[in-house]
1. With unit charges on the beta carbon (Lys/Arg positive, Asp/Glu negative), name the residue among SER635, ILE647, ALA318 whose Cα is farthest towards the positive pole of the charge dipole of the chain.
2. Multiplying the sequence separation of SER635 and THR676 by 0.36 nm and subtracting their Cα-Cα distance, what value in nm do you get?
3. Taking only C-alpha pairs under 8 Å that are 6+ residues apart, what is the relative contact order of region 142-233 in percent?
4. Along the charge dipole of the chain, Cβ charges K/R +1 and D/E -1, which of GLN418, GLY162, ALA616 sits furthest on the positive end?
5. Each label point is 7 Å from the Cα along the Cα-to-Cβ direction; what then is the distance between the points at ASP529 and ASP369, in nm?
6. Students often get this wrong: which residues of region 25-48 have the backbone nitrogen under 19 Å from the point 7 angstrom along Cα-to-C-beta of GLN63?
7. Taking the simple approach of a point 7 Å from Cα along Cα-to-Cβ for both ASP709 and LEU289, what is their distance in nm?
8. In percent, what relative contact order does region 22-101 have, based on Cα pairs under 8 Å that are 6 or more apart in sequence?
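The values are calculated or read from the model by the stated rules, or taken from the named source; none is laboratory data. Note that this is a predicted model, so its numbers are computed, not measured. Neighbour counts run over all protein chains shown; Cβ positions are idealised from the backbone, glycine included. Accessible surface is based on the protein model in full, side chains and every heavy atom, while ligands, DNA and RNA are left aside. Shrake-Rupley method; radii C 1.70, N 1.55, O 1.52, S 1.80 Å.
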Amino acid sequence: MGLLSVEGLLLDANAAALEAVGLSLAEVRGRPFWETPWWTHDPAEQARLRDGIRQAALGEPFQMETTHRTADGQVLVVMFSIRPIRDAAGQVVGLIPEGRDITELAAERERLRLSEMRFRLLVEHAPEAIVLVSAATGRFVEVNGGAEALFRTDRGTLLRLGPLGLSPSHQPDGQTSARAAWAHIQEALEGGTDTFEWQHQTVDGEQVPCEVRLLRLPGGEEALLRASLADLRPRLERERNLLESERKFRLLFERSVEGLLLLDGDRFTDFNPAVLEMLGCTKPGFVKLHPWELSPPIQPDGRESQEKALAMMRIAHAAGVHRFEWTHRRMTGVDFPVEVTLIPIPLGGREVLFTSWRDITDRKQAEEDRLSLQRQVLHAQKLESLGVLAGGIAHDFNNLLTAILTNINLAEEQLPPQSPVLAQLSAAGRATLKAADLTRQMLAYSGKGRFVVKAHDFNAVVKELANLVKASTPKGVTLTFALEDGLPPVEADAAQIQQVILNLVTNAADAIGDQAGEIRIATSVRLMDESFLGAELPGQGLRPGQHVVLEVADTGCGMAPDVLARIFDPFFTTKPKGHGLGLAAILGILRGHYAGLQVLSEPGVGSTFRFYFPSAGLPGGATVEPPPGPDVHFSGRILLVDDEEAILQAGRQALEGLGFQVETARDGIEAIDVFTRQATAFRLALVDLTMPRMGGRDCFRALRSLQPDLPVVLSSGFSEQESVHEFLGEGLAGFIQKPYTLPQMRQVLAAALQG
């Protein structure tokens, strides 16, 4: 409590008020009450207080519920009031503020509010119909949304009609609804709860059988009953459907071509004629037997038939349906696979398992054939997809390397010979060329490497490499050759084939390690027909005919199946310092030569790599690289087309350094636009093959249609063999593979201008 002047200045305060804010009277006396620590925490409450002081000063008491913060930070809920003090003449001469701590009362009030709100939400949103019934009048006093949905009418109508207005005159047992209703109300009042079935009806007369649970609510001046109404129509409909289903079930059961049985517990109790046919018997001697007594002791997955059968039945009861494969045994002792379906069904007050058998002998064989073919196709698709991925990465990486090499070459040409920076630029150039070697391996894996192809004697190719292979073989490893005479020639790139052999010999030596072992390199010739290709080399696209066989075998550690399945994946390696591109590149080289591959390996025994190259005359091979063009004078207008900005910038500088006037475009459409806007004819065009909107192929043909004598040089991160084979006979002036150096670019441009 305290004392205020009529203006609201604090004149006095009691100990409880001062203790709450932790201040002395001297610290607050004479201050406007709304500026004291009781109120400064909330400007809105300060405004309410000023209005209250003005009201009390006019002689009207003021009261409000507010909050105060104590000295220790606690927030109290306070019932605050201001009463005027009058003198003998009735004039207001002072004000008495008073604050009572009602924190606990407010908390209890909030708890009651929340409890009531939760109760109302639970009732209103309950899935079943809930009503409150007055025991005195038998009328509804409250209904929820579920009741409105059940009777298909609104709350007001339900309150007006009441339970009897929503019931027929008589219940199914013959009693009048009025007499039966009062009996149930008395039962609930005396026993506290009553559960019974009741025939209701909607306002339009539709009968609604319900299960009613009547419960007396405690407390209150008026005796109230809570009734929950469960619509029985779905259950009754299910029961009718069940009876009809049982009749249909028996008909289908007897006439089904599948074996149908009933399992009561763990024994067969019923069957149809198809079961007798499956088991090869005429008499039902298996009735009352367990399922495992009609099965071999062990199932194909290694589990005992009895253990597995019991487990399958438990799963079916828990899940509602269970389908699995099983091996049964005919009366003749022959096992046969079946697809078993177990479905729990109610029958005679028990839950039994409806069981179906489907003989899947033919399906299992067809599935095995299909899986074998699918594995072959997936393996081929995997190799093809990885090849596309590797080729795409290498192509994009070559674009970046082209810009790097061009800028390095430009920087080298602009520096004096004695510049110390030349050494660093040269090192950067060498590192870039090494990176280019890596992309070439990736292109080789994708089958898009660059080949210099001619007819070769495979024995001669192997013999040329013999000394190098022997020098790289550890001392403990014996290297043997078994080269068959009279091999037919093969169209191949000798350097690529030697790379394959050297790579495999290196891997074989690593597999042997420090132990003694043998590496064997052999050649032979084989005439392969369709049956051999389908059985030994499925999905590799080889054609029947004569093939030269190259074999590299070792007695090393061999490979587990999971490792063998991944050896050709790019960047997969089992070596601590390997990059996984060696075998991947081999696969690409074989693809580029239209060759087949067979790998055999067993842990602890060794590995054998066998390659099948088509002899000369079968599809394969590639074009031979053209000789370098002669030096010419570089001048005139040149069109540089590429979607890489870095290549355009570096290429412009390089071409201008050669003496050209350079126009650039970022794709084929822009190139055609630049070409048609220039009155002066272009002398040459250097066009990237892969670009957005319009690629190099369409751009080449469009430029040639506008200026038929225009020399066009194509550029790509893929090889010449991959990129230009479709332009044969169309007048392509040249091709340069990315990444390229300035000397290589000069050579190709000179050849194009000379041609």
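1. Of the options given, the answer is SER635.
2. Values: separation 41, 0.36 × 41 = 14.76 nm, distance 2.01 nm.
This chain segment gains 12.7 nm when fully extended.
3. Details: 127 pairs, mean separation 19.8, N = 92.
Relative CO of region 142-233 lands at 22 percent.
4. Of GLN418, GLY162, ALA616, it is ALA616.
5. In this crude spin-label approximation the distance works out to 2.0 nm.
6. Answer for region 25-48: 48.
7. 9.6
8. Numbers: 107 pairs, mean separation 17.0, N = 80.
After rounding, I find 21 percent.
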